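Below is one structure, written out as structure tokens, with a few remarks after it.
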Amino acid sequence: MSRLLMDRWSVKPPSWALGVAVLLLVVPVGWVEAEQSPAAVDAAPGGNVEDGKRSLTTYTCSSCHGYSGHGGVDVGAPRIATTSMSLADFTQYVRQASGSSMPRFRAEILPDTVLADIYAFLKSIPPPPDSRSIPLLNDL
Amino acid sequence: MMDVIKPLGFEYMSINPHSSSRGLQESIINYSGNRDPELITCLHEEAAVAMAHGYFKIEGKPMAALIYGSVGLQHASMAVYSAFCDRVPIYLMMGNELENPNSRSVQDPAAMVRDFTKWDDAPVSLDQFANSAVRAYAIAMTPPTMPVVLSVDERLQENRIPRGTRLRVPKLTLNAPAQGDATAVAEVARLLVNAEFPVLAVERAARTEAGLSYIVELAELLQAGVVDTIQRMNFPSRHPLSQDSGVFGSADVVLALEHPRLSRSSLMQDATLLSISSHDLFTRSNYWDFGSYQEADVAIAADAEATLPLLIEEVKRRVTGDRQRVFEARRATLEDRFQRALERNRRLAASGWNGSPISTARVAAELWAQIKNKDWSLVSRSDGMNEWAWKLWDFQKYHHHIGQSGSVGVGYSNPASVGAALANRKHGRLSINLQNDGDLMFLPGTLWTAAHHKIPMLTVMHNNRAYNREVMWVARTAAERERDVTRSDIGNSIDNPNIDYAKLAESMGWYAEGPIENPADLGPAIRRALAVVERGEPALLDTITQPI
């Protein structure tokens with residue numbers, strides 16, 4: 001988290017929040033990126049897209065990264081949708097988070113199978129539209 | 001009493017009615033004709049004070065609030081604390097009944113808020129009331145501005161004035177704010193002009209539109225970056241010298257303006273830290289709002305806005321042609337940095353653009369498209385909704401933004417936005433409130449106040465159905481302890497049932513639409529709501545948003 005963001009909070013913000021994965025158990029599964037294709041694209045071997053979509057909320061990232069992994073600037077959470085990381089790198093990212101950015105999610109609380117599902121879901125999300133193609137963002 | 005209060009120039013007095021102020025209330029209504037001040041009916045004392053907070057941040061002068069001295073002040077206390085932290089003057093009057101042992105009166109009502117107010121009194125005569133009422137106003141408005149409290153006993157309000165009593169109303173003279181010591185200001189100017197990479201760090205530096213202009217002038221004179229915590233509308237958001245805090249990493253000299261919490265540890269180790277702040281001129285100790293001791297190399301205890309004209313002149317006297325060339329090169333570096341940040345924000349805003357729930361960037365962009373050619377004013381905090389409004393909108397004028405809350409107490413934003421919108425009304429400005437769902441539910445009765453008093457404003461919900469920051473904290477803690485993170489919503493989610501904010505607002509006289517989940521529906525909904533607001537009524541859009 002940038003110092004500026006820290007300064008804007010009169011109480012200490014969650015400095016760990018870079019990419020913290022958190023859940024909202026009751027979020028409807030249908031809330032996803034509209035661009036998403038129903039068919040998994042380059043999904044993780046063995047990962048289940050629908051389960052991953054659900055687990056993103058249940059286990060992991062939605063509070064900081066959004067329901068479709070689009071990222072949260074305010075808390076410094078990067079976009080994780082359409083990740084270019086390999087499953088191994090993604091797993092390492094989650095398991096060995098620095099602690100200053102996000103807590104480590106060990107296999108005991110976030111099993112490998114669940115992580116593979118989440119990875120499959122994130123891989124299935126198409127890239128965001130080019131900002132230059134969005135009139136509202138070009139006529140600010 | 002009204003002969004004393006009226007010349008102080010209050011436009012409005014918020015009130016939650018109570019028996020111990022009936023004498024004063026009746027005088028406002030009938031003796032003063034309910035004008036200057038006009039009573040604004042509030043359904044909770046905290047709302048009455050928070051409205052006055054928001055009003056000041058647009059109008060630059062206090063709004064009075066009239067509440068009951070015991071239970072009323074207990075309700076109002078968090079809002080008083082927010083105003084204290086935000087250095088906002090509130091003129092708080094409280095009814096009390098010291099001669100009635102059966103009443104819920106209190107011996108020293110102001111004691112409860114004395115840790116976060118600037119001055120209080122409980123006058124026992126009309127003559128003392130007159131002195132204290134005028135003094136309270138002057139003290140509240142002297143930087144550092146803060147809330148003041150007057151306890152007004154029922155006897156003073158209702159007892160007949162004995163025939164032949166001679167009373168007079170003291171003339172109000174506002175204090176000129178403290179200006180920095182000339183020698184110290186000259187030293188600050190010398191250090192800034194000779195710096196290789198000076199940066200201005202601003203927090204509550206601009207009290208008025210003039211303060212904003214001074215900061216722009218100083219920054220442009222020096223071609224110095226400006227890092228703004230946006231507690232006030234200090235600096236234009238699209239000015240190329242507007243920078244994020246990463247610029248501190250290059251700064252050899254940092255001037256903190258009304259920014260006493262800027263820590264030396266956030267700067268380069270050998271950076272020179274200068275400070276102009278009114279903080280130490282008056283503060284309290286029990287409730288901490290001051291952070292670590294600043295360890296400035298030059299510290300000037302003075303009002304920054306009042307000191308800036310002198311500092312600007314001192315800087316002008318010292319700028320040479322050689323330094324000017326250095327300044328211009330610095331400007332190019334900062335402009336490039338600013339443009340890259342703007343482009344990065346555009347790119348990030350596109351992520352999740354078509355998603356449902358709606359991304360907070362999409363909400364901000366859809367709003368901006370429809371308000372940017374109007375005389376708009378953001379009457380809520382800008383640090384909600386992922387700060388997208390600040391990142392995407394072009395904030396230039398002082399009334400474009402009221403800054404943040406001071407205390408970060410939940411429940412401030414909704415009533416403060418209504419108070420700010422009340423101040424904007426006579427100027428014909430379009431008031432926009434980006435409203436967190438959890439905050440709205442503290443004082444939902446404020447919606448009725450806005451409708452009843454015909455205060456036009458557009459409220460757009462950041463409805464993520466949770467206290468989302470708290471979800472983050474609990475999940476963080478669970479992960480660190482290697483426990484179940486899947487239960488972190490317990491105590492934090494606001495669902496099951498989902499709150500229907502549109503129905504809530506409609507029930508209190510607002511135009512409302514929602515829940516809106518499809519981003520494609522948002523633009524047309526904003527258009528319809530703005531048409532209502534421009535007719536002079538409040539409107540609310542319940543947008544279901546991403547968590548952050």
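The values are calculated or read from the model by the stated rules, or taken from the named source; none is laboratory data. Since the structure is predicted, the reported quantities are computational estimates derived from the model, not experimental observations. Backbone-built Cβ (ideal geometry, glycine too); neighbour counts: all protein chains shown.
Sort out which residues of the stretch A:69-101 are in a loop (DSSP other than H, G, I, E, B), hydrophobic (A, V, I, L, M, F, W, C) and more than 8 Å from every other protein chain (Cβ to nearest Cβ), and write them in order of number. Residues satisfying the conditions are A:80, A:85, A:97.
Whether a residue is buried (at least 24 other Cβ atoms within 10 Å of the Cβ), free of Cβ contacts under 8 Å to residues at least 40 places away in the same chain and closer than 30 Å to residue B:425 by Cβ was assessed, and residue B:76 passes this test.
The condition (being closer than 30 Å to residue B:36 by Cβ and hydrophobic (A, V, I, L, M, F, W, C)) is satisfied by just one residue among B:348, B:367, B:310, B:422: B:422.
Condition check ((1) in contact (Cβ under 8 Å) with a residue 12 or more places away in the chain; (2) within 13 Å of chain A (Cβ to nearest Cβ); (3) surrounded by 24 or more Cβ atoms within 10 Å (Cβ to Cβ)) across all residues:
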{"position": "B:419", "(1), (2), (3)": "yes, no, yes"}
{"position": "B:440", "(1), (2), (3)": "yes, no, yes"}
{"position": "B:462", "(1), (2), (3)": "yes, yes, yes"}
{"position": "B:479", "(1), (2), (3)": "no, yes, yes"}
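The residue of the stretch B:367-387 that is nearest to residue B:350 (Cα to Cα), among those that are modelled with pLDDT of 95 or more and part of a loop (DSSP other than H, G, I, E, B), is B:372. Of the numbered criteria (1) in contact (Cβ under 8 Å) with a residue 40 or more places away in the chain; (2) more than 20 Å from residue B:355 (Cβ to Cβ), the one residue B:475 fails is (1).
Taking the stretch B:260-317 as the range and being modelled with pLDDT under 95 and in a helix (DSSP H, G or I) as the test, the residues that pass are B:264, B:265, B:266. For the residues B:219, B:251, the requirement of being of a type in the set (Gly, Ala, Ser), more than 13 Å from every other protein chain (Cβ to nearest Cβ) and out of contact with any helix residue (DSSP H, G or I) (no Cβ under 9 Å at 6 or more places or on another chain) singles out B:219.
Where the second residue is assigned to a loop (DSSP other than H, G, I, E, B) and not basic (Lys, Arg) and the first is within 14 Å of another protein chain (Cβ to nearest Cβ) and at positive phi and lies in the stretch B:266-292, which pairs have Cβ atoms under 8 Å and are six or more apart or on separate chains? From the stretch B:266-292, the pairs are B:291/B:260; B:291/B:263. For the stretch B:330-338, the condition of being within 14 Å of another protein chain (Cβ to nearest Cβ) and without any contact (Cβ under 8 Å) to a residue 40 or more places away in the chain holds for none of the residues.
Scanning the stretch B:527-548 for residues that are among the hydrophobic types (A, V, I, L, M, F, W, C) and either modelled with pLDDT of 95 or more or outside any loop (DSSP other than H, G, I, E, B) (or both) yields B:529, B:530, B:531, B:532, B:533, B:539, B:540, B:541, B:544.
In summary, residue B:511 fulfils each of the numbered conditions (1) surrounded by 19 or more Cβ atoms within 10 Å (Cβ to Cβ); (2) within 14 Å of chain A (Cβ to nearest Cβ); (3) not charged (D, E, K, R) with the single exception of condition (2).
Of the candidates A:91, A:58, A:83, the single residue that is within 15 Å of residue B:348 (Cα to Cα) and β-branched (Val, Ile, Thr) is A:83. For a quick check of your reading of the model, give me the residue pairs whose first member lies in the stretch B:341-366 and is within 17 Å of residue B:524 (Cα to Cα) and at pLDDT 95 or above, whose second is in a helix (DSSP H, G or I) and charged (D, E, K, R), with beta-carbon atoms closer than 6 Å and at least 6 apart or on different chains. Close Cβ pairs satisfying both conditions: B:353/B:362.
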